[in-house]
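Note sheet for the following structure.
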């Protein structure tokens, strides 16, 4: 395994000193920063700007127990059921029990969750939840509004220093396997070293490892790949969640627009071209079945009838309701002349979320001293084999806060750097990137089998071996190494798990 993506003389790289470095500026990264002691100087690194994160695009909301009809026990049970028995119960209990505290904190910071006519918090229901518990902002723009409030709070903290336009190349460790810094790379390929004893990885998911995804275009698994190179353990890498309903038309960046599960929570029905509501014959919860079941049912329906997509029908709701409850989705669909008040929405399943990642304990600590992870790039044990809808933003808050709290009481000295070796070679990076995404989509996607995955592993290992001999001169090349690193970890985990469970489905499961 390649130790570093970095290839230059470390002594010639300019450097800065910080108490804490956070990689990623979505909700997990910013919220952890806001929970650090004011006396700690913290750099918050973002590769493509503060508006490029999965948090910005999160529509549905945040799950939390706030109503009298709900209970901590119900939320825990729903999470465990969705996770197909592979959740860490202690982590789930912490998530659910401490979540309301973080919701209250968000409100104090200025997050305006939607309310009903009486002024009470408006809550809705999504797939696999036993009752209404999803809070939302501006209908279907929860992530955007929470992120913007946190960004405003960030700007007021003098100890927090956002640094945009820098990608993570490597986590530096000393000979005692403790964090001693990071190597960043700017858009021109130039490196910057930051000396620090505390790093929080909050780099989001792995969407760009697949061909079709709702993820931000910057998400190439950088944090996970760098953690692997640094020797950190990963877990649950086989569990890749595909959202069943993305608008069939991708944006100019290639990102697919999510049609939130909240539509089905409000009564939307999946239909084929024969007008048939096919989910009622698939699962007792019909259209509110867990996402992996709905995604496979849609793929089956598309294959059975040779369809490019299926449809989501919410025409039973009034235009006034839809414009108020789902203004973002309503507006995006209208760009394609789809009036969701009278037209069905053409949808397909696409890669959406990653349950696996860097293994952490309940304080966000990884197996490398001084290295923390929170948000989608972390495997806290909360999601098990399949994430319960809207638990993801809650996880960002709870475990981002807990990681910051642990750093607040941690003392560490700056250790010495280990030497870094050079490597040289040539490779057509653009072709490699395309083939990685295409291979992962076709051979390690929604439906998998051992033969295809072994072929995919051989392809990825060949690319990784070649990339290990390349001098990485820019961010795109570093991303490609990260993509191959993450792809290998996903495939190996998927091959090792012989039985289908949760988001991991094998057609050769005997």
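Values quoted throughout were computed directly from the atomic coordinates according to the rules given, and no laboratory measurement underlies them. Nothing here was measured: the structure is a model prediction, and the numbers come from that model. Every residue, glycine among them, receives a Cβ derived from its backbone with ideal geometry; neighbour counts consider all protein chains shown.
Things to note:
- Burial order of peptide ranges 260-267, 209-216, 363-370 (average beta-carbon count within 10 Å, highest first): 209-216, 260-267, 363-370
- Evaluated on region 7-136, the Kirkwood hydrodynamic radius is 17.6 Å, with distances taken between all distinct Cα atoms.
- For region 50-125, the relative contact order comes to 23 percent (Cα pairs under 8 Å, sequence separation of at least 6).
- In range of the label at residue 307: residues from region 263-277 whose backbone nitrogen is under 15 Å from the point 7 Å along Cα→Cβ: 269-277
- When each of 359, 158, 442, 74 is scored by the number of other beta-carbon atoms lying within 10 Å, the sequence from fewest to most is 158, 442, 74, 359.
- Taking other C-beta atoms within 10 Å as the exposure proxy, 257, 321, 239, 144 rank 321, 144, 257, 239 from fewest upward.
- The calculated FRET efficiency for the pair residue 283 and residue 37, based on their C-beta separation and a Förster distance of 41 Å, comes to about 0.30.
- Rounded if a/c under 1.5, otherwise prolate or oblate - region 78-152, Cα gyration tensor axes: prolate
- Region 244-350 - percent relative contact order, Cα under 8 Å, separation 6 or more: 34 percent
- When each of the peptides 484-492, 326-334 is scored by the mean number of other C-beta atoms lying within 10 Å of its residues, the order from highest to lowest reads 484-492, 326-334.
- Gyration tensor (alpha-carbon) shape descriptor, region 230-323, a/c threshold 1.5: prolate
- Spacing of the modelled spin labels on residue 507 and residue 117, each 7 Å from Cα toward Cβ, amounts to 5.2 nm.
- Taking a ≥ b ≥ c as the square roots of the eigenvalues of the Cα gyration tensor, an a/c ratio of 1.5 or more together with a/b larger than b/c marks region 147-290 as prolate.
- Estimated inter-spin distance, residue 410 and residue 320, nm [label 7 Å along Cα→Cβ]: 5.4 nm
- Ranked list, fewest to most other Cβ atoms within 10 Å of each Cβ, for 399, 57: 57, 399
- Between residue 473 and residue 130, the FRET efficiency estimated from the beta carbon spacing at R0 = 56 angstrom works out to 0.60.
- When only Cα pairs below 8 angstrom with a gap of at least 6 residues are kept, the chain shows a relative contact order of 23 percent.
- In the chain, helical runs assigned H by DSSP with n ≥ 4 each contribute -39500 (n - 2.57); averaged across all residues and rounded to the nearest 500, the mean residue ellipticity at 222 nm is -10500 deg cm²/dmol.
- For the peptides 171-177, 294-300, 375-381, 313-319, the ranking by packing is 375-381, 294-300, 171-177, 313-319, with the highest mean count of neighbouring Cβ atoms within 10 Å listed first.
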